1. Send over the semi-axes of the stretch 693-783's equivalent ellipsoid, whole angstrom and largest first, taken as the square roots of 5 times the C-alpha gyration tensor eigenvalues.
2. Using bins 10 angstrom wide from zero, how does P(r) for the stretch 154-216 break down, in % of all Cα pairs?
3. Sort 15, 619, 292 so the one with the fewest other Cβ atoms within 10 Å of its own Cβ comes first.
4. Could you pull out every one of the aspartates and glutamates with an alpha carbon less than 19 Å from that of residue 769, ignoring same-chain neighbours closer than 8 positions?
5. With a cut-off of 11 Å, note down the residues of the stretch 286-304 whose backbone N falls inside the zone around a label point 7 Å from the Cα of residue 612 toward its beta carbon.
6. Please compute the length gained on full extension between residue 861 and residue 534, using 0.36 nm multiplied by the number of residues separating them and subtracting their Cα-Cα distance.
7. Within a 10 angstrom radius of the beta carbon, how do 743, 528 rank from fewest other beta carbons to most?
8. Any idea how far apart residue 302 and residue 630 come out in nm if each label point goes 7 Å out from Cα toward Cβ?
Amino acid sequence: MTVFIASLFLPKTVHFNLPGTPPRGSISSEFRPHPRPKRAPLNRLPSLFPPGAGDITPPESPIEDDSVLDNEPFTNEDGVRVHRAGGSGAPADRGSPTWGNRKGQPKSRANSPPPSSLLVSKPELRDKAKELAHQGINQPRALSRSDSHDLVFANANYVVVNADQGNGGLRNAAEAAARDGKLGDYTWVGTLGMPTDALEGTQQMQDIEDTLATEHDMLTVFCSDKDFDGHYSHFCKQILWPVFHYQIPDNPKSKAYEDHSWKYYVNVNQAFADKIVKNWKRGDVIWIHDYHLLLVPGMIRKKLPDAKIGFFLHVAFPSSEVFRCLAVRQELLEGMLGANLVGFQIHEYTRHFLQTCSRLLNAEATPDGLQLEDRFVDVVNLPIGIDPISLGEHRQEEAVQSWMNILQERYAGKKLIVARDKLDHVRGVRQKLLSYELFLNKNPEWRGQVVLIQVALSTSEKSELDATVSDIVTRVNSSWANLAYQPVVYLKQDIDYAQYLALLTIADALMITSQREGMNLTSHEFLSCQDGKYGDKKHGSLILSEFTGTSSLFGGNELSVNPWDYRACADAIQKALEMDENEKEQRWSSLYKAVTHHTGSHWFSEFMTRLDHVYEEQHKRDQVSIPRLSMNTLIQQYRRSERRLFILDYEGTLVSWGPVNQIIPVSPQRTLDVLNDLLLDERNTVYVMSGRRPEELDRLFRRVPNLGLIAENGCYLKDCGSDSWTEMADIDQIRTWKESVRSIMDYYLERTPGASIEERRCSLIFHYKSADDYDMAARQASDCASHINDSCEEQRVHAIPLDGCMVVEPIDWTKSTAAQTIFDNLKANMAADDKHKHPVDFLMVVGDGREDEKVFKWANTLGKEGSVKEVVTVSLGNRNTEAGATLTQGVSGVLMALQRLGGLAYERAVERGRNTERSARGSVSSR
């Protein structure tokens, strides 16, 4: 079995040794794990201390140097290095200033941005464009294969090196899982992270692909420069990334309206799907990662219906109100739902995803996942973590120790607050600096005693944020700096990895003020570096934004802040610096425990374990895997049993389905005859379950004596032979939630012409099949269901979207709870009655709807536990099911099966009558 790990960028790429470029040696082909490349000398930029800096005055903030970033082997797509050391790195979730512009790699041919003329749909305009193209007007010159640029790369020597872009947390987790024996054979699937048009059709491209496949277990996805640029630089970075981080299209800076890049996103996703499908073998596992590849699960599912597919989103998932702003929202959701298991970092993102699917796809959301028409998709939240073992090894390096000594000497007697963020609006650098400035204003005693070291990683786009942050830094430093003190050390570039670890080790506090972030593993690294193993025990405080995913893991032991509340942030800084040592140690111990539990290795193995489990469960419930009901086997089971219990659904099972808001005057005579025949045998107990009112069922089955009834999906129960109904539900509780739910439903009813609300004793139904605008009404019903589920969860009620209606019903009283009550009563009565020595040894449940699945599951559990010897569960629906058998003939098939069993009951009744007559004759003869 092979695990395919698909992410946009491979952990490896290639470097061409061209004339005029320094050669790069090949890194070890062993990827799991491999030694980190040697670092530059300590005095090399980027550095906290440039050469020649004095011993007293802290360094000035260095200017941005693109050449430094280009040459930095640990820089990923946005300038955040991939921590090969077992830290977080940075998810592949930001802009790429250097894609297609790296030395030793080809230049991109992409025409960026993609032309908006792709939106043109008028035939005459398209014809005009073709005419201009033939004339060569305003058309870019196509590069030919004979171009020297292509020839250089087609024949140049190359080496395989570690890629400097991609999801470092994922790579470290895979390495850790393999090292710990939790992961066997695995293959990476991704792009090289560089333009490849110059290699198209050459032997060089094939050689690269073969080398990565054979020596590094990596499948390379090749796509055109135009496709990749449109996919990554435009659709991912200008549409998906902002929306996923709550920068909705209303924002003037949003480019979500430029959706012509969608076709490139589809092309790249299709290339990934095709590569995986081509190499997949039965039994292999496919695990797809992050928002770059949202469509891949659905694309693979179409070609490989039986594949085991997982998907994990490493960034935040927004609320439905934000996600619905995307023009292609339905396509993205359906792509994700091609997976068997969809994973998110924290519960909040999981809840948002379930609500979004419920509202936009009208899918039924449950605590475990989503019930689609034909299958179930499990949804989980599993927070990723770091690899503390590998991180600890790199903390022992001599370079780290050297930088610790330098920093401790330089900032002796000072309290250090450290931060490292990308300089964009999402990271909250501006809010952090303003809060720090307010802290110094409010606490003059700390001036000269505390230093904020802010590492700000440059973005590919220049914006007013750069100037704003620089102005704040200048203002703070000009207000309180002197020859021996600088309150803010501001670096607009990344620093050496050894310096980074040294900073985390000696820091008194780490401050993270992200406005929205999937996790933020820098906080995990900080807590690991504060353990005192390779330095003084600092047990520094963690100031953490409540809008990071990591915040939900720490149980309040961090100093949680709202980045927009400057006063609260300033107070958190003061508390972090003035906190007593006992409290610091107590908080750090709790935080460190969470970090060591939620490791990358644990995350990887836990997801794979859950994927295996849900795949097996889903496969069991798949209609294709469930056998048809065998009449011969059913009859044998029936004959072997002494006490039988039948629980039969009504609508869609015993009769063709009719509108639930209309009373069917009479049941078909055949249905009544079948039920009466079954009841001829006194050993048979029959219950019919329905969502209808009690009085409706009384009217329907008045000609079937001794029939038990379940009304309103389990809220009312009428025992066999009884004339009265028993209230199973708490009517007072139902009356309470009805008041709040009805007001919500009325709000949507006013906005949905042609819809209606039906009130039953234990439920409310929003009918919209006859609405003037069905599509609009369906959206209103989905919004109504989401609103009710969000606001009324504590009242133990849930709203379920169905075909043409939306039902609101209690959670605690269902068909399965009524079935359990019936079973318990029968056992109690049989134990008290000497004439019935045997418990129920035959249980048959037949149904076709969503509500019946819980009864199937309950019945199957009785069979597994041995409480019932013979259990038969039969589904008529086309969805995946808990039932053990299916009937494809629908209602007629159910009636035929029951008629066969009823015939056996009739034969027994006739035989019993004959025996009674013989006994009577014998008595007369003896007299």
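1. 32, 17, 8
2. Cα pair-distance distribution for the stretch 154-216, in percent: 16, 45, 27, 11, 0.
3. Going from least to most buried by this count: 619, 15, 292.
4. 364, 373, 651, 746, 750, 758, 759, 783, 803
5. Counting only backbone N, you get no residues.
6. This chain segment gains 112.3 nm when fully extended.
7. Working: 743 9, 528 23.
Taking fewest neighbouring Cβ atoms as first place, the list is 743, 528.
8. For residue 302 paired with residue 630, the spin-label model returns 3.9 nm.
Read the figures in this text as sums done on the coordinates, not as results from a lab. Please read these numbers as outputs of a predicted model, since none were measured by experiment. In this analysis, Cβ positions are derived from the backbone assuming ideal geometry, glycine residues included, and neighbour counts consider all displayed protein chains.
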